[in-house]
Amino acid sequence: MHKDQPLIFEISKPGRIGYSLPELDVPAVNVEEVIPADYIRIQEPELPEVSELDIMRHYTALSKRNHGVDSGFYPLGSCTMKYNPKMNENVARLSGFAHIHPLQPEETVQGALELMYDLQEHLKEITGMDAVTLQPAAGAHGEWTGLMMIRAYHEANGDYKRTKVIVPDSAHGTNPASATVAGFETVTVKSNENGLVDLEDLKRVVGPDTAALMLTNPNTLGLFEENILEMASIVHEAGGKLYYDGANLNAVLSKARPGDMGFDVVHLNLHKTFTGPHGGGGPGSGPVGVKADLIPFLPKPVVSKGENGYYLDYDRPQSIGRVKPFYGNFGINVRAYTYIRSMGPDGLKAVTEYAVLNANYMMRRLAEYYDLPYDRHCKHEFVLSGKRQKKLGVRTLDIAKRLLDFGYHPPTIYFPLIVEECMMIEPTETESKETLDAFIDAMIQIAKEAEENPEMVQEAPHTTVVKRLDETTAARKPILRYQKQ
Amino acid sequence: MLHRYLPMTEEDKQEMLKAIGVESIDELFSDIPESVRFKGEYNIKKAKSEPELMKELTELAAKNADIKRYTSFLGAGVYDHYIPVIVDHVISRSEFYTAYTPYQPEISQGELQAIFEFQTMICELTGMDVANSSMYDGGTALAEAAMLSAAHTKNKKVLVSKAVHPEYRDVLKTYAKGPGIEIVEIPFKNGVTDLEALKAEMNEQVACVIVQYPNFFGQIEPLKDIETIAHTGKSMFVVASNPLALGILTPPGQFGADIVVGDAQAFGIPTQFGGPHCGYFAVKSALMRKIPGRLIGQTTDEEGRRGFVLTLQAREQHIRRDKATSNICSNQALNALAASVAMTALGKKGVKEMATMNIQKALYAKKAFVENGFEVPFTGPFFNEFVVKLNKPIKEVNKQLLEKGIIGGYDLGRDYPELENHMLVAVTELRTKEEIDMLVKELGDSHA
């Protein structure tokens, strides 16, 4: 008989504490004397009552039920699950970075502003853009920030009819969602049989109402949009702007810069390419770079350098305003800066070369066992289709679950939407050939099992702490919090 | 090249190239047209070794005046609180911080359960039915609450109190431009939302009323009175709240709030120059299927074991795409974990004790100012912040305080011209009586 992992509330016992506060050194005024009765809480919040060891054991047990990059291979496509350097963590915890208040006088935070300014300079060079803001908190936040700037740009030109944002059918879901939140209508452009944006379709959808085209390059199939300059001129001639989704920047460091490809705005995911850890879902950081004509619209304040040191420039009359309180996810930016400075120009070049080498190696070795919908060099990631296995009754979801038994995090599955039974695999450059080979062997074994012993795959996982979970009931009868019995 | 983060050997490389069927790595980039190919290397700083870079960055950090060396009375939405040491030990478990969004529940039960516990704790503190797994910060959470209200009520006018954090209001104004929401600011009177002014602006076209509790000036807003005005027509009642204060104050949920948002920075998250912190978002169950961001739900596996999954995903951008009402994807999961550990360590007793200490210390400080002849313009009940009027510019005063090792309070004149020479003083449980006395002494004769 199995036993459920207890919730922290279930091990709580009145009379235990896990904290240590100083003695009160001012008069112990009774709260009832200073706060009106209606505003004093009657029912106490049901928070746990546990000792420090209880807490540590609880979370250690939970951590053992979680797979991170440090636990094993994590080829989750488009998420760039590379190694998170430990040095980054130490630097971010330095007291002068971790314990400064955002509203301190500028002269007391010169070190922080210098780091931000220098990170902006590095990101400008890496992306080929003219200015960078570090304010957005994550990739999607950066997308929306960039689109708001494009909107402000058009409006500053008296151009109010540009209401549409063009997004390829292979795009991340955040692209159309960000366009909506920024007040635009989304128009989809089709991919052609080679997995690239269909230029004829692009010409058809572009027009005087086009505000921008959002593009990931290489795209979510891991393929480089080789007609990028032609696409740029189609959009620019129509008066639109070109937006670069930097989710896949790991594929082109030192090989091609968005600024040189004709992009006007770019967001980066510092938690992907630049090793801010993913944190179980965040925090991230989503800086946005722009070409010169969009600089006036940057969110304010802008970290700047003057005669008397670094300062926050609030005098930006055309700015779209603030997108976040304070100046962005500084702690993540510190980690990304540490990483960039640890790699240097030759290191960053090697990052992309090895990321692409690893992806192509895996793709070629697996092509015999799974369908390869786009047979050409990939960049940092590639997609396979589980069509062949589906005919045997084994779905891509089953393959993903079976991979868990081998100690791997599966690839991204069922995305991009244009590939049937899709598996999107991104190995990253920090994985060794031995790791790739072992994963490839597991994938080959699963392909064989699909033919010879499909139940083995269909009933997977077999070794995890829980088996497949009932997601339907979870959504139909949601239990979203613990209730004391 | 040899680098500690790159395991590729020359031998591996050759074998892999051979398996692919190409001569060189360069060939793999042949699909990038010459015209856009970047040649050479980035013009950025050369790599430094670990010890060299550690030294450089340690020195850079030391250029900042951190609030562990200085005595800080700065709050304004970000506070210097006790962080139980255990918090950093838990979030340093790399199974947590090197994982991503728990898309594969069978190998993500740890993260999923930890966040399910976070959702529960936020519900307990706010008095709400459902809390999500976190937002970027309090400011964007507030903006998303306005967007949700507008989408839900199909109204396009938002009333926000001027006693709400100025930077939160700035973020709200930026977000509002997207769907074309009109933002109307309601003035304050004696440091709290002016009820008459609110009534005057209230009508059937309002999507929501937003106030902060405690508000930007530290004052406790009369939520009971505001709620009756806010719930006119379809309008929703949105409260931004410091969750630590809710350890002692009546939760907004009990005053009929429809949405409660805020930042959990007070629980275990360092100030770190303003981010990353931890936004939270809580709603009444009627809005459960409209809440932005990720939600963790409890379920069972095939063999009846309890387990947790991402749920109600039909709300989210990766399913709804351009029909989504929020574009949030990455959130602040690791900080939600930090906040959970801190809320757990403090527990039922500690949260109340710490919240009470904030009130007691701030009250002592306020009395000390009053007794020394300073004017404290707002007279209502307050949490851990209050406003003091001085007779000279705050910027100047803060410069002098800095020489004594004190980081003074926030200069309210930056956002409120009518509050020129007014300082917002924050006093948390970490400030000692001695430090408070020193602040009052150093300000000496700068009372109005």
Worksheet item: Within the stretch B:23-33, how many residues turn out to be more than 8 Å from chain A (Cβ to nearest Cβ) and either out of contact with any Leu (no Cβ under 9 Å at 6 or more places or on another chain) or β-branched (Val, Ile, Thr) (or both)?
Response: 1
Practice prompt. Take residue B:114 and decide whether it is more than 28 Å from residue A:281 (Cα to Cα), among the hydrophobic types (A, V, I, L, M, F, W, C) and outside the structural domain of residue B:431 (by TED's automatic domain parsing).
Written response: no
Item to complete: Just need a number here: residues in the stretch A:87-125 that are over 16 Å from residue B:45 (Cβ atoms) and of a type in the set (Phe, Trp, Tyr).
Response: 1
Worksheet, complete the sentence: Conditions (1) assigned to a loop (DSSP other than H, G, I, E, B); (2) in contact with a helix residue (DSSP H, G or I) (Cβ under 7 Å, 6 or more places away or on another chain) -> residue B:334 fails only (1)
Worksheet item: Among the residues of the stretch A:352-383 satisfying the criterion of being more than 7 Å from chain B (Cβ to nearest Cβ) and assigned to a helix (DSSP H, G or I), which is farthest from residue A:134 (Cα to Cα)?
Response: A:366
Worksheet, complete the sentence: When restricted to B:265, B:298, the only residue outside any strand (DSSP E or B), within 15 Å of residue B:133 (Cα to Cα), at pLDDT 95 or above and of a type in the set (S, T, N, Q) is B:265
Worksheet item: So which residues in the stretch B:39-50 are at pLDDT below 95 and facing another protein chain (nearest Cβ under 7 Å)?
Response: B:41
Worksheet item: Would the stretch A:146-154 turn up any residue that is basic (Lys, Arg) and at the interface with another protein chain (Cβ under 9 Å from one of its Cβ atoms)?
Response: yes
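For every residue, the table says whether it meets (1) touching a His at 6+ places or on another chain (Cβ under 6 Å); (2) facing another protein chain (nearest Cβ under 7 Å); (3) surrounded by 24 or more Cβ atoms within 10 Å (Cβ to Cβ).
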residue: B:318; (1), (2), (3): no, yes, no
residue: B:332; (1), (2), (3): no, yes, yes
residue: B:344; (1), (2), (3): no, yes, yes
residue: B:349; (1), (2), (3): no, yes, no
residue: B:365; (1), (2), (3): no, no, yes
residue: B:371; (1), (2), (3): no, no, no
residue: B:379; (1), (2), (3): no, no, no
Worksheet item: Do we find a residue being buried (at least 18 other Cβ atoms within 10 Å of the Cβ), under 30 Å from residue B:121 (Cβ atoms) and not assigned by TED's automatic domain parsing to the domain that holds residue B:241 anywhere in the stretch B:387-408?
Response: no
Worksheet entry | Unique residue being among the β-branched types (Val, Ile, Thr), touching a residue at least 24 places away in the same chain (Cβ under 8 Å) and touching a Gly at 6+ places or on another chain (Cβ under 6 Å) when the list is A:91, A:50 | A:50
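Quick check on the stretch B:54-82: of everything there that is among the polar types (S, T, N, Q) and within 7 Å of another protein chain (Cβ to nearest Cβ), which residue is nearest to residue B:271 (Cα to Cα)?
Per the stated criteria, the residue is B:72.
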Practice prompt. Looking only at the stretch A:157-202, count how many residues are surrounded by fewer than 21 Cβ atoms within 10 Å (Cβ to Cβ), out of contact with any Ser or Thr (no Cβ under 6 Å at 6 or more places or on another chain) and touching a residue at least 60 places away in the same chain (Cβ under 8 Å).
Written response: 2
Worksheet item: Which residue, of B:232, B:250, is surrounded by fewer than 24 Cβ atoms within 10 Å (Cβ to Cβ) and within 18 Å of residue A:42 (Cβ to Cβ)?
Response: B:250
Item to complete: Output the residue which, of all residues in the stretch A:174-196 that are more than 14 Å from every other protein chain (Cβ to nearest Cβ) and of a type outside the set (Asp, Glu), is farthest from the chain's Cα centre (by Cα).
Response: A:192
Discussion item. Looking for something more than 7 Å from chain A (Cβ to nearest Cβ), buried (at least 19 other Cβ atoms within 10 Å of the Cβ), outside any helix (DSSP H, G or I) and of a type outside the set (D, E, K, R) - is there at least one such residue anywhere in the stretch B:2-17?
Written reply: no
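In the stretch A:95-137, how many residues are of a type in the set (A, V, I, L, M, F, W, C) and over 30 Å from residue B:412 (Cα atoms)?
Qualifying residue count, the stretch A:95-137: 5.
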Worksheet item: Of these, B:362, B:355, B:342, which one is in contact (Cβ under 8 Å) with a residue 24 or more places away in the chain, small (Gly, Ala, Ser), over 21 Å from residue A:35 (Cα atoms) and assigned to a helix (DSSP H, G or I)?
Response: B:342
Discussion item. What's the number of the only condition in (1) surrounded by fewer than 23 Cβ atoms within 10 Å (Cβ to Cβ); (2) part of a helix (DSSP H, G or I) that residue A:450 fails to meet?
Written reply: (1)
Worksheet item: Only one residue in B:85, B:36 is more than 7 Å from chain A (Cβ to nearest Cβ), without any contact (Cβ under 8 Å) to a residue 24 or more places away in the chain, over 22 Å from residue B:279 (Cβ atoms) and hydrophobic (A, V, I, L, M, F, W, C), so which one is that?
Response: B:85
Worksheet entry | Hits in the stretch A:460-485 - residues which are within 21 Å of residue B:124 (Cβ to Cβ), in contact (Cβ under 8 Å) with a residue 60 or more places away in the chain and at the interface with chain B (Cβ under 9 Å from one of its Cβ atoms) | A:482
Item to complete: Would you check which residues across the stretch B:160-212 are in a loop (DSSP other than H, G, I, E, B) and within 11 Å of chain A (Cβ to nearest Cβ) and list them?
Response: B:165, B:178, B:179, B:180, B:181
Worksheet item: Inside the stretch B:124-139, can you point out the residues that are surrounded by 24 or more Cβ atoms within 10 Å (Cβ to Cβ), at the interface with another protein chain (Cβ under 8 Å from one of its Cβ atoms) and over 16 Å from the mean Cα position of the chain (by Cα)?
Response: B:124
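Each row is one residue, and each column tells you yes or no for (1) under 19 Å from residue A:38 (Cα atoms); (2) free of Cβ contacts under 8 Å to residues at least 24 places away in the same chain; (3) β-branched (Val, Ile, Thr).
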site: B:230; (1), (2), (3): yes, no, no
site: B:247; (1), (2), (3): yes, no, no
site: B:261; (1), (2), (3): no, no, yes
site: B:267; (1), (2), (3): no, no, no
Worksheet item: What residue, of A:309, A:321, A:407, A:328, is crowded, with 24+ Cβ neighbours inside 10 Å, on the phi > 0 side of the Ramachandran plot, at pLDDT 95 or above and within 13 Å of chain B (Cβ to nearest Cβ)?
Response: A:328
Worksheet entry | Number of the condition not met by residue A:162 [criteria: (1) farther than 24 Å from residue B:88 by Cβ; (2) assigned to a helix (DSSP H, G or I); (3) of a type outside the set (Gly, Ala, Ser)] | (2)
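The values are calculated or read from the model by the stated rules, or taken from the named source; none is laboratory data. Please read all numbers here as calculations on a predicted model, not as lab measurements. Counting neighbours? That spans all protein chains shown, and the Cβs are built from the backbone with ideal geometry, glycine included.
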